[in-house]
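The values are calculated or read from the model by the stated rules, or taken from the named source; none is laboratory data. A quick note: this is a predicted structure, and the numbers were derived from the prediction, not measured. All Cβ positions, glycine included, derive from the backbone under ideal geometry; neighbour counts span all protein chains shown. Accessible surface areas use protein heavy atoms only, side chains included; no ligands, DNA or RNA. Shrake-Rupley method; radii C 1.70, N 1.55, O 1.52, S 1.80 Å.
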Amino acid sequence: MSKIHITTQVNGDAVEFLCEPDETLLDVLRDRLNLTGAKEGCGTGDCGACSVTLNGRLVASCLVLGAEVAGSEIETVEGVGTADALHPVQQHLLDHAALQCGICTPGIIVAAKALLLQNPNPSEEEVRYWLAGNLCRCTGYDKIIRAVLSAAAEMRGENA
Amino acid sequence: MARVVIFGSLRAFTNGEGEMEIDAQTTRELLRKLATLHPALAETIEAGVSLAIDGEVFKEAWFTPISAESEVVVMPLMVGG
Amino acid sequence: MKQDFKILGTRPIRPDGLDKVTGKAMFGSDKSVTGMLHARILRSPHAHAEIVSIDTSKAEALAGVKAVITGDDFADVENRWARYTMQNCMAQGRALYDGHAVAAVAAISKTVAAEALKLIEVEYKILPHVTDVDEAMAPGAPVLHEGVKARKLGDDVSGNTVGYYSFGHGDIEAGFANAELVIDRTFKTAAVHQGYIEPHGCLADLGGDGRGELWCSTQGHYMVREVCSEILGIDSSQLRVTASEIGGGFGGKTTVFIEPVALKLSQKAGKPVKLVMSREEVFRASGPTMSASMDIKIGMTKAGKITGAHAKLRYQGGAFPYQMVMMGAMSAFAAYDLEHVQAEGWDVMTNRPKMISYRAPGAPMAVYAVESVMDELCQKLELDPIDTRLMNAAREGTKSSYGPTFKAIGLVEALEAAKAHPHYSAPLAPNTGRGVSCGFWFNFGGQVSVSMAINADGTVNLIEGNPDIGGSRASISMMAAEALGIEYDRIRTIVGDTASVGFSDVTDGSRVTFAVGIATINAANAAIKEMCKRAAKIWEIDAEAVEWVDGAAQPSGHNAGNFPPMSLAEIAATSGKTGGPIAGHHEGAPDKAGVSFGVHMVDVEVDPETGFTSIKRYTAFQDVGKAIHPAYVEGQIQGGAVQGIGWALNEEYIYGEDGLLQNPGFLDYRIPVASDLPMIDAVIIEVPNPGHPYGVRGCGETAIVPPLAAVSNGVAQAIGVRMFELPMSPPKILKAL
Ligand code: FES
Ligand code: FES
């Protein structure tokens, strides 16, 4: 099989890579671009650990082919915030102790950020349904939901 | 003499005896004497047991002191998740 | 016991938190090195088959393939438990369950490795199989291994019966004779998987000289080192194991599944090898917990006093001998103060993946069955379920059903908190029921090593040997800060590799905060002693005349001299001139972990049209001794409760007649998702553990024990029919209606 050459943008940086025709975006990110923030929990679109945004849309990167993303804008957890400028979702997850093992956390962060962009004032139920595709086995979700709701409140300028 | 209680199914190896008195200063001494008293128990003791001394569970700590008034319960070796 | 704390009970941010929210944290499959190969494992498509031959020549001939191994590449190991572990990692002679590894390849890419698997030719001769516990235990069942039947068992059980345990005291027949109502029921629970989101992954590099490096996701890297060095016949000093960040374990990462295979491939290929399981492999070939078939008989007076109790537990634990039903038999009646009680258990082998611990292993199913019968008794006798449990509750001084006499325990406190909670008196909507259940777990101490260095700038490095699966670096830093009397963020705690700190047992049994905590406090005390000595030298007084108060050395009285306190930072700053670096360490095996009880309460609603059960409200009460970091304690309770809810309602290993696993993926093996649940209220009860200087008990496991019966009891009330089988999936509930 000959490899395909792709040019695209990840976390604001122009990148190029060669990939197999059947290689997933998740594998490309992790194996070729050394961005291991997105995790493989299932490889079948069922766990959300590999969540990234593709042109602003939330996707399971294990279900997207690397060859499909030419000329796109991709954001992974590595692009959401930096140590000195965490996104409110990241900060509130930390403050609420909403991660135990932390393997689901990158996916939760990317998914929650995407939710708050389109719905700045979600109800608890809306957060729960939005995150229903992001499995967490450690926390029972309680603290994650609280963290997302209080991050939303902070982003709206309310005192959470 | 410490009072030694053997958990149910181990009694198959003590001729049905569930309780006995053993004179021992440490768990190691107690287990050795127990194995001598009931040779059929030796294999289980060798494989590992947990002991509850006056209600506190110990995993194989040989030199845990035992007093004359102690109650020592011999239990299977326990594990967790 | 210390009671006024400065740091314990606060909620600081965990030291590994930033890396985990920015994607920097390195988990098992996140590490790569140059020149590394990718490995894949070929697995049996049959439930039970003789491996007649394996032809690997075509795979070996494929360009890019660097090594192929089968069971023949592993030499025999003497220790039988290590041999079972090895043969579970790679079959020898027979494939014992669907998904059992039979060969493995290492190649230059994932694609080539996958191609190579298809070229391996295995000739199987299919053998009869059994996957159900009762069938496997019956005489005449196909026996998995000969000669391992438990001693002293008769012909009424098959050779698959590898363990028999009995606990209890009194005379149960006399107990039942005194009862005014006796209920005797049979229950079944499905095998469930720990369901950690991170599949097993490792990176192995083993040279021909027997020196090796292994990076892996595990609950115990010393365990990995011991098992792998035994299986591969190398010295444990030569194999350095580093624990990656671990993406969940819950007991499932207390053994090895792939590490010996990766090491062997690496040795054969002479290159580093990365091996990561797929989710399907995780389900088919890493350990689930046991499934169970159980008979429970309890007698009660009309007033609610239990007069006698008997449990018979039959667990199946997969394709190799194991010992776990005893934990169920010990836990079954632990919550009650009983005169006449017996709990018996049988461990049984089947053609399923080898079981491994899952949070409070063995307890949830036994307690589910017992607490269901308790609920039915209360219902029939029209008794309040909490009052009845209070009347029978174990307390300090109770001779437990498994032998020892309890020290201070918090069951009564938890029951009383549950009774007083507004949840208990809230009105119930139609089609809704409220269930209550008690739960219990032992908690352990075990071997532990901690090493602490006081740096010249007044900061502290702490190395411990237990992988952090849920925030333990935070709680350990907090205990170190408390003991030393300095700020939390002056301390950095890391998990050392097997070459950097002494042996430590696996992170299991809810032991880490307890055992590493004690070792940390002792290491801090050793460092404090040295710091007092240095201050004494500077002041030119006796070391005994110096004491440590609030993070500083000070003269212990007027006679000792009149010097202002000298802080840790001040002493550290001159350490190079007063005798060299200051450090403290502790190695030990603390016991007295202290048992823990919980009480859960749940409101469930059952849709009579679909049979679908939804959780409306959930409150969990648990005695944790002393909560170091309350937010992480709540998190343990919430996480355990939700795993129990999944066990009660959805999760199960489904086997067909062909003995093949039908649902090896998250789509068909459905763990709870955010939209299935309400908030989980965690109520922390603190009855200090007399066996720990700060009163700590383990807290990680107890919370998975009560939810099964709590949910089932709620369903019984909601639909007016009691279920005797888990999971209570919608079709089963519809059938019951
Ligand atoms: S890895 Fe993509 S959804 Fe699970
Ligand atoms: S924190 Fe472990 S899976 Fe979510």
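Overview of values
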| item | result |
| --- | --- |
| Selected residue (only one of C:Ala519, C:Ala583, C:Ala543 is hydrophobic (A, V, I, L, M, F, W, C) and open to solvent by 50 Å² or more (accessible area, probe 1.4 Å)) | C:Ala583 |
| Filter result (over 11 Å from the mean Cα position of the chain (by Cα) and among the acidic types (Asp, Glu)) within segment B:22-47 | B:Asp23, B:Glu43, B:Glu46 |
| In segment A:107-127, the residues that are closer than 13 Å to A:Pro88 by Cβ and part of a helix (DSSP H, G or I) | A:Ile109, A:Ala112, A:Lys113, A:Leu115, A:Leu116, A:Leu117 |
| Residues (aliphatic (A, V, I, L, M) and buried (at least 21 other Cβ atoms within 10 Å of the Cβ)) located in segment A:117-144 | A:Val127, A:Leu131, A:Leu135, A:Ile144 |
| Search result, residues across segment C:430-449 that are within 14 Å of chain B (Cβ to nearest Cβ) and among the aliphatic types (A, V, I, L, M) | C:Val448 |
| Residue count, segment B:1-26 (criterion: touching a strand residue (DSSP E or B) at 6+ places or on another chain (Cβ under 6 Å) and under 16 Å from B:Leu77 (Cα atoms)) | 5 |
| Residue satisfying all of: in segment C:316-341; in contact with a Phe, Trp or Tyr (Cβ under 7 Å, 6 or more places away or on another chain) and not hydrophobic (A, V, I, L, M, F, W, C); surrounded by the most Cβ atoms within 10 Å (Cβ to Cβ) among these | C:Ser331 |
| Enumeration of residues in segment A:8-35 that are of a type in the set (S, T, N, Q), out of contact with any helix residue (DSSP H, G or I) (no Cβ under 8 Å at 6 or more places or on another chain) and either away from chain C (no Cβ under 12 Å) or within 13 Å of A:Glu75 (Cβ to Cβ) (or both) | A:Thr8, A:Gln9 |
| Matching entry among C:Ser504, C:Ser449, C:Ser477, C:Ser472 (being crowded, with 20+ Cβ neighbours inside 10 Å and touching a His at 6+ places or on another chain (Cβ under 8 Å)) | C:Ser449 |
| Qualifying residue in segment C:612-626 (condition: in contact with a helix residue (DSSP H, G or I) (Cβ under 7 Å, 6 or more places away or on another chain), surrounded by fewer than 24 Cβ atoms within 10 Å (Cβ to Cβ), at the interface with chain A (Cβ under 8 Å from one of its Cβ atoms) and touching a residue at least 40 places away in the same chain (Cβ under 8 Å)) | no |
| Neighbours by Cβ (under 9 Å, 6+ apart or cross-chain): first from segment C:395-408, within 17 Å of B:Arg3 (Cα to Cα) and part of a strand (DSSP E or B); second open to solvent by 10 Å² or more (accessible area, probe 1.4 Å) and among the aromatic types (Phe, Trp, Tyr) | C:Lys399/C:Phe406 |
| Contacts under 7 angstrom Cβ, first residue in segment C:538-560 being part of a strand (DSSP E or B), partner of a type in the set (D, E, K, R), 6 or more apart | C:Gln554/C:Glu547 |
| Which listed residue is over 24 Å from A:Ile6 (Cα atoms), open to solvent by less than 10 Å² (accessible area, probe 1.4 Å) and away from ligand 2 (no atom under 16 Å from the Cβ), from A:Ala83, A:Ala152, A:Ala114, A:Ala147 | A:Ala152 |
| Candidates A:Gly107, A:Gly133, A:Gly102 - the one that is within 16 Å of ligand 1 (Cβ to nearest atom) and in contact with a Lys or Arg (Cβ under 6 Å, 6 or more places away or on another chain) | A:Gly102 |
| Residue within segment C:41-55 that is hydroxyl-bearing (Ser, Thr, Tyr) and open to solvent by less than 20 Å² (accessible area, probe 1.4 Å) present | yes |
| Members of segment A:52-79 found to be open to solvent by 10 Å² or more (accessible area, probe 1.4 Å), under 19 Å from C:Asp30 (Cα atoms) and either of a type in the set (A, V, I, L, M, F, W, C) or within 16 Å of ligand 2 (Cβ to nearest atom) (or both), listed by number | A:Ala60, A:Cys62 |
| Inter-residue pairs, beta-carbon under 7 Å, first in the same structural domain as A:Val59 (by TED's automatic domain parsing) and in segment A:18-36, second of a type in the set (Phe, Trp, Tyr), 6+ apart | A:Val28/A:Phe17; A:Arg32/A:Phe17; A:Leu33/A:Phe17 |
| Of all residues in segment A:86-102 being open to solvent by 10 Å² or more (accessible area, probe 1.4 Å) and free of Cβ contacts under 8 Å to residues at least 24 places away in the same chain, the one that is farthest from the other protein chains (Cβ to nearest Cβ) | A:Leu86 |
| Tally, over segment A:137-160, of residues that are under 15 Å from A:Ile109 (Cβ atoms) and without any contact (Cβ under 8 Å) to a residue 24 or more places away in the chain | 2 |
| Extreme residue, nearest to C:Gln194 (Cα to Cα), among residues of segment B:60-81 that are within 12 Å of the chain's Cα centre (by Cα), at the interface with another protein chain (Cβ under 7 Å from one of its Cβ atoms) and not aliphatic (A, V, I, L, M) | B:Pro76 |
| Considering residues of segment C:542-565 that are in contact with a Phe, Trp or Tyr (Cβ under 8 Å, 6 or more places away or on another chain) and not aromatic (Phe, Trp, Tyr) only, the residue nearest to C:Ala481 (Cα to Cα) | C:Gln554 |
| Members of segment A:110-131 found to be within 12 Å of chain C (Cβ to nearest Cβ) and under 14 Å from the mean Cα position of the chain (by Cα), listed by number | A:Val110, A:Ala111, A:Ala112, A:Lys113, A:Leu115, A:Trp130, A:Leu131 |
| Matching residues in segment C:3-40 - criterion: being away from chain A (no Cβ under 12 Å), touching a helix residue (DSSP H, G or I) at 6+ places or on another chain (Cβ under 8 Å) and open to solvent by 30 Å² or more (accessible area, probe 1.4 Å) | C:Phe5, C:Lys6, C:Gly9, C:Arg40 |
| Where A:Gly48 falls short, out of the listed (1) more than 8 Å from chain C (Cβ to nearest Cβ); (2) surrounded by 18 or more Cβ atoms within 10 Å (Cβ to Cβ); (3) on the phi < 0 side of the Ramachandran plot | (3) |
| Residue within segment A:129-136 that is closer than 12 Å to C:Ser675 by Cβ, within 16 Å of ligand 2 (Cβ to nearest atom) and touching a strand residue (DSSP E or B) at 6+ places or on another chain (Cβ under 8 Å) present | yes |
| Selected residue [within 27 Å of C:Leu667 (Cα to Cα) and hydrophobic (A, V, I, L, M, F, W, C)] from A:Leu29, A:Leu18, A:Leu94 | A:Leu29 |
| Members of segment B:29-59 found to be open to solvent by 60 Å² or more (accessible area, probe 1.4 Å) and within 14 Å of chain C (Cβ to nearest Cβ), listed by number | B:Pro39, B:Glu43, B:Glu46, B:Ala47, B:Asp54, B:Lys59 |
